[in-house]
Ligand SMILES: Cc1ncc(C[n+]2csc(CCOP(=O)(O)OP(=O)(O)O)c2C)c(N)n1
Ligand SMILES: [Mg+2]
């Protein structure tokens, strides 16, 4: 394991790659661009046109789905709070997309993009938010407290550090069962890093050399608490060395860099190099939740490079590299919008849970009167 002083996000992500661009192959008469990114599988963290396109499409799905969720919330159709990840999709998708079946994933409240990349669906998301009894939580839990634990997809207990330990637990269980080559990932806020549960989780992961990847979305605020009131170290990546973890930095609103850095971190964890700590600076482009107008975020910060919209940036990069065409981008937008509209109309007609029929267990653990979940 690399016991790490902070490793600077590699600027080694090649800007160009050899061969025909994907978009050039799929769109007629598109000007070919020469790109130099290595083909898939050649190196840990290599960023291919294929993964970038998939990531962009997933970010788009997350963004449009969350816009719909915000509208449903404002029209009173969603019970409980709605917490969104606008501006954090590039970082979120990069973790979800690098995990695979058999891995453990604990997404938090800003991880709609990571969830979709890990295999969650627009349908199941809407079912949970709208309280359909056909959803994975059977319409009985708060919207972000959803998951499929038996598939390694943990339902969130708390946004503030608790999930690091559940991922460690999942990884230790896999170790006991003799499963190898697995990774557990979670993405938390910089405020969560100050909590005791974060400390306990990453310390155990380092001691046990667990294949854990913790991604920190440093969006500069923990609700309305700014970083200078949150931690006193100059650089959060430096914390990795204190625990005995490898540390990495990613450019939080640059999709290609997020894919590259998190790809490297996931590969290192999978290869047995112990826990990996990735810190990315960015800004959430919405309030803490839809009830919050985020008026405490200074305008200069919003206008700074941190405030750039990762979705716009990803679109521009893919277009410039010839990995996406304007037509594909607008076709994808229309197709995703249509899917979201059709799915939400369908879900709104589905039945709510019937208290008379319910056993009130959160999952299929019959006979135990226990529920899982927490409150934000
Ligand atoms: C013990 C506790 N205190 C407060 C809250 C309410 N709360 C949920 S998330 C959050 C802020 C988290 O900030 P950060 O970790 O930076 O993540 P971000 O919201 O910025 O993504 C707060 C105060 C909570 N869930 N639990
Ligand atoms: Mg934060």
- Restricting attention to region 293-300, does a residue exist that is at pLDDT 95 or above and either buried (at least 18 other Cβ atoms within 10 Å of the Cβ) or within 30 Å of residue 207 (Cα to Cα) (or both)? yes
- Going through region 152-184 one residue at a time, which ones are within 23 Å of residue 83 (Cβ to Cβ) and free of Cβ contacts under 8 Å to residues at least 40 places away in the same chain? 160, 165
- Message: Looking at region 345-355, can you tell me whether even one residue there is at pLDDT below 95, over 30 Å from residue 251 (Cβ atoms) and not in a loop (DSSP other than H, G, I, E, B)?
- Response: yes
- Consider residue 242 carefully, then state whether it is away from ligand 2 (no atom under 16 Å from the Cβ) and more than 20 Å from residue 110 (Cβ to Cβ). yes
- Note on the structure: Per the list (1) over 17 Å from residue 86 (Cα atoms); (2) under 25 Å from the mean Cα position of the chain (by Cα); (3) crowded, with 17+ Cβ neighbours inside 10 Å, residue check on residue 330 breaks on (3)
- Exception for residue 99 within (1) surrounded by fewer than 22 Cβ atoms within 10 Å (Cβ to Cβ); (2) modelled with pLDDT of 95 or more falls at (1)
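Of all residues in region 191-221, which are part of a helix (DSSP H, G or I), over 21 Å from residue 87 (Cβ atoms) and either within 12 Å of ligand 1 (Cβ to nearest atom) or in contact with a helix residue (DSSP H, G or I) (Cβ under 7 Å, 6 or more places away or on another chain) (or both)? Write out each step before concluding.
Restricting attention to region 191-221, the residues satisfying the condition of being part of a helix (DSSP H, G or I) are 192-194, 196-207.
Restricting the remaining residues to those that are over 21 Å from residue 87 (Cβ atoms) gives 194, 196-207.
194, 196, 197, 198, 200, 201, 202, 203, 204, 205, 206 - these are the residues of region 191-221 that are part of a helix (DSSP H, G or I), over 21 Å from residue 87 (Cβ atoms) and either within 12 Å of ligand 1 (Cβ to nearest atom) or in contact with a helix residue (DSSP H, G or I) (Cβ under 7 Å, 6 or more places away or on another chain) (or both).
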- Write out, first by first residue and then by second, each pair whose Cβ atoms fall under 9 Å of each other, whose residues are 6+ apart or on separate chains, and whose first residue, in region 283-306, is at positive phi while the second is modelled with pLDDT of 95 or more and in a loop (DSSP other than H, G, I, E, B). 294/224; 294/284; 294/285; 294/286; 294/287; 294/288
- Item | Selection from region 121-135 of residues that are surrounded by fewer than 24 Cβ atoms within 10 Å (Cβ to Cβ), closer than 26 Å to residue 312 by Cβ and either in contact with a helix residue (DSSP H, G or I) (Cβ under 8 Å, 6 or more places away or on another chain) or touching a residue at least 12 places away in the same chain (Cβ under 8 Å) (or both) | 122
- Checked region 136-157 for anything touching a helix residue (DSSP H, G or I) at 6+ places or on another chain (Cβ under 8 Å) and part of a loop (DSSP other than H, G, I, E, B); matches are 136, 137, 139, 141, 143, 146, 152, 154, 155, 156, 157
- Check whether at least one residue in region 255-276 is in a loop (DSSP other than H, G, I, E, B) and closer than 30 Å to residue 69 by Cα, and report yes or no. no
- Out of region 205-231, which residues are away from ligand 2 (no atom under 16 Å from the Cβ), at negative phi and surrounded by fewer than 19 Cβ atoms within 10 Å (Cβ to Cβ)? 207, 208
- Query: part of a helix (DSSP H, G or I) and either at pLDDT below 95 or more than 24 Å from residue 109 (Cα to Cα) (or both) - does that describe any residue in region 356-373?
  - Reply: yes
- Query: Going by the conditions given, is residue 113 within 15 Å of ligand 1 (Cβ to nearest atom), modelled with pLDDT of 95 or more and in a helix (DSSP H, G or I)?
  - Reply: yes
- Determine whether region 247-254 contains at least one residue that is within 14 Å of ligand 1 (Cβ to nearest atom), crowded, with 21+ Cβ neighbours inside 10 Å and outside any loop (DSSP other than H, G, I, E, B). no
- Item | Hits in region 222-246 - residues which are in a strand (DSSP E or B) and within 19 Å of the chain's Cα centre (by Cα) | 222
- Residues of region 163-201 being within 16 Å of ligand 2 (Cβ to nearest atom) and surrounded by 20 or more Cβ atoms within 10 Å (Cβ to Cβ), which ones? 163, 164, 186, 187, 188, 189, 190, 191, 192, 193, 198
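The values are calculated or read from the model by the stated rules, or taken from the named source; none is laboratory data. Please read all numbers here as calculations on a predicted model, not as lab measurements. Counting neighbours? That spans all protein chains shown, and the Cβs are built from the backbone with ideal geometry, glycine included.
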